[in-house]
Amino acid sequence: MSKKALLIIPPERFNEDELVKPKEALEQAGVAVTIASTKVGAITGDYEGKAVAEKVFTDTAASDYDVISIIGGAGPNDYLWGNAELQSYILKAHEDNVLVTGICAGSVAIAQTGLLSGREATCYPIDLQKDQLQANGVTYVEKHTVAHKDIITGDGPQGAEEFGKALVNALS
């Protein structure tokens, strides 16, 4: 499979399982994975795990990828929610027929674009995130993964493996 994925993490406090499990699933399927953020370099996760952002997402063309995934954790609330550059990027990716996906707080970042309005999605099952989905016209469902043809959402660390499989299936 000669596909490419862009995994976008916040500049601090990403969830390690939500990054690693989908990344492993994609790589095992032969998908080339790039990690991006709002800055390049080493980034510390929620549990002191490390990842390296190779690119600033705005320095890449969304159309260069087959899937873009917004990774959750504690950091997206502060750095990715309401981020106009990210919202613009997600909308452009969707317009270019790139599969748009988000897990945990990443699902909220997608919902904030309006792309999920009138649809079902999932996120980490806490009121803050569920309320954000509902505020953006999205029906929250309690599932590990909700897959539409063009957008996939995942609930969090407990569903990260299933989320990764859903990404691979959608790219097949």
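What follows draws every value from the coordinates through simple rules; no lab data is involved. Computed from a predicted model, the values in this text were never measured in an experiment. Positions of Cβ are backbone-derived with ideal geometry, glycine not excepted, and every protein chain shown enters the neighbour counts.
Contact annotation: residue pairs with Cβ atoms under 7 Å, 6 or more positions apart or on different chains, pairing a residue in segment 38-52 that is over 23 Å from residue 87 (Cα atoms) with a partner that is of a type in the set (Asp, Glu), are 44/12; 46/16; 47/16; 49/16. Across segment 1-33, the number of residues qualifying as closer than 21 Å to residue 83 by Cα and surrounded by fewer than 18 Cβ atoms within 10 Å (Cβ to Cβ) comes to 1. Mind checking whether some residue in segment 148-163 is part of a strand (DSSP E or B), surrounded by 15 or more Cβ atoms within 10 Å (Cβ to Cβ) and not β-branched (Val, Ile, Thr)? Yes, segment 148-163 contains at least one residue that is part of a strand (DSSP E or B), surrounded by 15 or more Cβ atoms within 10 Å (Cβ to Cβ) and not β-branched (Val, Ile, Thr). The set of residues from segment 124-141 being without any contact (Cβ under 8 Å) to a residue 40 or more places away in the chain, outside any helix (DSSP H, G or I) and not small (Gly, Ala, Ser) comprises 125, 126, 136, 138, 139, 140, 141.
Only one of the numbered conditions (1) of a type in the set (A, V, I, L, M, F, W, C); (2) free of Cβ contacts under 8 Å to residues at least 60 places away in the same chain; (3) under 18 Å from residue 152 (Cα atoms); (4) touching a helix residue (DSSP H, G or I) at 6+ places or on another chain (Cβ under 8 Å) is violated by residue 91, and that is (4).
Go through 165, 149 for me and flag whichever is of a type in the set (Lys, Arg) and without any contact (Cβ under 8 Å) to a residue 24 or more places away in the chain.
Working: 165 fails: without any contact (Cβ under 8 Å) to a residue 24 or more places away in the chain.
Just one listed residue meets the conditions, 149.
Given the conditions (1) within 20 Å of residue 14 (Cβ to Cβ); (2) within 13 Å of the chain's Cα centre (by Cα), report the number of the one that residue 74 does not fulfil. Among (1) within 20 Å of residue 14 (Cβ to Cβ); (2) within 13 Å of the chain's Cα centre (by Cα), residue 74 violates only (2). Only one entry of 118, 106, 102, 82 meets the criterion of being assigned to a strand (DSSP E or B) and either more than 28 Å from residue 30 (Cα to Cα) or touching a strand residue (DSSP E or B) at 6+ places or on another chain (Cβ under 8 Å) (or both), and that entry is 102.
Just to verify a result, which residue in segment 68-79, among those that are within 21 Å of residue 158 (Cβ to Cβ) and in contact (Cβ under 8 Å) with a residue 60 or more places away in the chain, is surrounded by the fewest Cβ atoms within 10 Å (Cβ to Cβ)?
Filtering first and then ranking leaves 74.
For segment 124-146, the tally of residues that are hydrophobic (A, V, I, L, M, F, W, C) and crowded, with 18+ Cβ neighbours inside 10 Å stands at 3.
Can you tell me how many residues within segment 39-61 are of a type in the set (Val, Ile, Thr), assigned to a strand (DSSP E or B) and surrounded by 12 or more Cβ atoms within 10 Å (Cβ to Cβ)?
Filtering segment 39-61 for residues of a type in the set (Val, Ile, Thr) gives 40, 43-44, 52, 56, 58, 60.
Subset that is assigned to a strand (DSSP E or B): 43-44, 52, 56.
Still in the list and also surrounded by 12 or more Cβ atoms within 10 Å (Cβ to Cβ): 43-44, 56.
Residues meeting the conditions: 3.
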